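Have a look at the structure below, then the notes.
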Amino acid sequence: MSDSTNTVKNMDDIVALCRRRGFIWQSSEIYGGINGFWDYGPLGAQLKKNLKDAWWKDTITCPPIGPDGNPIQVVPVDTTIIMHPRVWEASGHVGGFNDPMVDCKETKSRYRLDQVEVLTVEGKGSWAFPQGDPDYISKKLKKAGGIKVDQGTVTNLEQIPVEDYATIIGPDTEKPGTLTEPRQFNLMFETYCGAIRNDDSKSYLRPETAQGIFTQFWNTVDTSRVKVPFGMAQMGKSFRNEVTPRNFTFRSREFEQMEIEFFIHPDEADTWYAYWRDLRFQWWQKVGLAGNNLTLREHDKAELAHYAKTGAGVCDVEYRFPFTAPGYGELEGVAHRSNFDLQAHANTCGKGDKMQYFDQEKNERYFPHVIEPSAGADRGTLALLCEAYTPTPDRKGAKAIMQFTPRMAPIKAGIFPLVNKDGMPEIAQKLYMQLREKHVVQLDVKQNIGKRYARMDEAGTPYCITVDGDTAGTQNVTIRDRDSLEQTTISLDKVGAFLDEKING
Ligand code: GAP
């Protein structure tokens, strides 16, 4: 994997490669696309699946060792996207899942308050611009007579009193005073169940998978052999009507989450919070984000969500994307959510303390507390793409190589007959049929070998196996390493074991 920091990678080049090679495309592209929605092409779908499979295996089927030296217990669930609307009242999403927004009266554009910054130059004026987009403001200032960003001070719009909006030129206008005062905007997508559209049939697309877990906590305890401490895990789509979807898939309106709710005795919150914080940070390193681009950030108390104010802590695993550099963007949050959700559902459904968990050994009733590691599969995939992207100006045919770890690489090996005759295609096909039973491999017989290598380099395939004119006699093939370009000769019957070792070893 690449060890360069992402301050030097160009996001436009990464997006272009994703499009050219079939990692990620705009949803509904033939109709001009739809803002905030993205499709994964053949390579992207496999890459994202590899990340999700790694999470599933490392969390659920081979769960990690707990603080007592034994494997912890985490069970999966798969709950619906549309749930009873009262779920979202109990969880606080109907009342509180809001972003303060400002509108531009002239252009009708809408901006998230905390994502707008204002440059004020004494005696000249104030210009609003989208956070983290210095090019945007530079271009705008050029039009305003060549004023430079360093001539003024930059303040987040949140910090500016509404009375002063009259002097601010909005991000997409040329005159001041077009921004409205901030208003709350609920991020949940609404829909209606059944033929009649009224308040009784109104429901929501889930904005997080977590509430499916909380509402099935009691069935899980009753039907499986789980005992606190234990976890429930779910991966699946979530939907948020983000006001300003941006930065490729980073902030989308439809995205996939991988969430764990780990239920614990309240007295053990500090231990389990530290456990999950460290474990999740290590996991992201294991899938290929090691190095300076990954960081763990503990939140200040002032930043905490309502359910976490008095808890053991909240932190984010963050990645330095090219568009956030030199800053970082969140990949996963780990939060002590106290017993907020279980208690809220127990109260809202009317059963209250009767729904407390009963610990037979301790003869104690309580609502378990929760440590929640909540990760994004799309943001994770985007981080893998950014980390892997390595420009290669001197490698023929490929503008970049994608240095995925073998476990994450969408294609593990390309299999090439050197030329498409003299028995080579038959041997290559036989090898392909054997290897594909266990690994995603691709047989490629077309074009010259250089072009085939270049295709595999941009797809991030770590190994290319070539069957040549000698293979029929020697029973040997050569394996080319994507990163070092080293060619190793290996006997045909050892190729499977070679890949097993590299991918899982
Ligand atoms: N249950 C807690 C929860 O949903 P969150 O921090 O709002 O917490 C968790 O979301 C993760 O989901 C984030 O760390 C991020 O990876 C992903 N995520 C959230 N909003 C997203 C969006 N609009 N687009 C893509 N991923 C998003």
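The mean sequence distance of close C-alpha pairs (under 8 Å, at least 6 residues apart), as a share of the length of the chain, puts its relative contact order at 14 percent.
With both labels modelled 7 Å from their Cα along Cα-to-Cβ, the Ala274 to Ala290 distance reads 2.5 nm. Centre-to-centre, using Cα atoms only, segment 158-177 and segment 337-412 are separated by 38 Å. Among 95-106, 372-383, 449-460, sorting by the average number of other beta carbon atoms lying within 10 angstrom of each residue, highest first, gives 372-383, 449-460, 95-106. Basic side chains Lys and Arg get +1 at the Cβ, acidic Asp and Glu get -1 at the Cβ, and with that the dipole of segment 310-423 about its Cα centre reaches some 520 debye.
With contacts taken as Cα pairs under 8 Å at a separation of at least 6 residues, segment 396-504 carries a relative contact order of 32 percent.
Eigen-decomposition of the gyration tensor built on the alpha-carbon atoms of segment 152-288 gives equivalent ellipsoid semi-axes of 39, 25, 15 angstrom, largest listed first. Counting Lys and Arg as +1 and Asp and Glu as -1 over every other residue whose Cβ lies under 11 Å from the Cβ of Val102, the net charge comes to -1.
Among Val149, Val370, Val243, a tally of other beta-carbon atoms within 10 Å of each Cβ gives an order, fewest to most, of Val149, Val243, Val370.
Hey, can you rank 487-494, 331-338, 15-22 by average C-beta count inside 10 Å, highest first?
Numbers: 487-494: 12.4, 331-338: 23.1, 15-22: 16.5.
Descending packing order for the listed peptides: 331-338, 15-22, 487-494.
Backbone amide hydrogens, once placed in the peptide plane, bring Tyr389 within less than 5 Å of Gln403, excluding anything fewer than 5 places away on its chain. What fraction of the Cα pairs in segment 396-504, stated in percent, has a spacing above 17 angstrom? The calculated P(r) of segment 396-504 puts 48 percent of pairs beyond 17 Å.
Pop the C-beta distance of Val445 and Asp164 into the FRET formula with R0 = 60 Å and round what comes out to the nearest 0.05.
About 0.35, to the nearest 0.05.
The lysines within cross-link reach of Lys362, meaning a Cα-to-Cα straight distance under 17 Å and a gap of 8 or more places when in the same chain, are Lys227. Phi-derived couplings, Karplus 6.51 cos²θ - 1.76 cosθ + 1.60 at θ = phi - 60°, listed residue by residue for segment 474-479: 7, 6, 10, 10, 10, 10 Hz, with x used for Gly and Pro.
Rounded to the nearest 500 deg cm²/dmol, what is the calculated helix-only ellipticity per residue at 222 nm for the chain, with -39500 (n - 2.57) per DSSP H run of length n ≥ 4? Don't skip to the answer; put the middle values down first.
Numbers: 14 runs with 133 residues, N = 505.
After summing the helix terms and dividing by residue count, I get -7500 deg cm²/dmol.
Here Lys9 is the anchor, and the lysines within straight C-alpha reach of less than 26 Å, apart from those fewer than 8 places off in the same chain, are Lys48, Lys49, Lys52, Lys139, Lys140, Lys142, Lys148, Lys286, Lys396, Lys399, Lys412, Lys451. In this label model, Cys62 and Arg110 are separated by 4.5 nm, measuring between points 7 Å along each Cα→Cβ vector.
Could you tally the net charge around Ala377, taking each other residue with its Cβ under 12 Å from the Cβ of Ala377, Lys/Arg +1 and Asp/Glu -1? The answer is -1. Computed over segment 87-140, relative contact order equals 19 percent, with contacts defined as Cα pairs under 8 Å that lie 6+ residues apart. Determine the distance separating the Cα centre of segment 15-54 from the Cα centre of segment 448-501; give it in Å without decimals. Segment 15-54 and segment 448-501 have Cα centres separated by 28 Å.
Any read-out appearing in this document is the output of simple, stated calculations on the displayed coordinates, not a laboratory observation. None of the values given here were measured: they were computed from a predicted structure. Note that we place each Cβ from the backbone using ideal geometry, even for glycine, and neighbour counts take in every protein chain shown.
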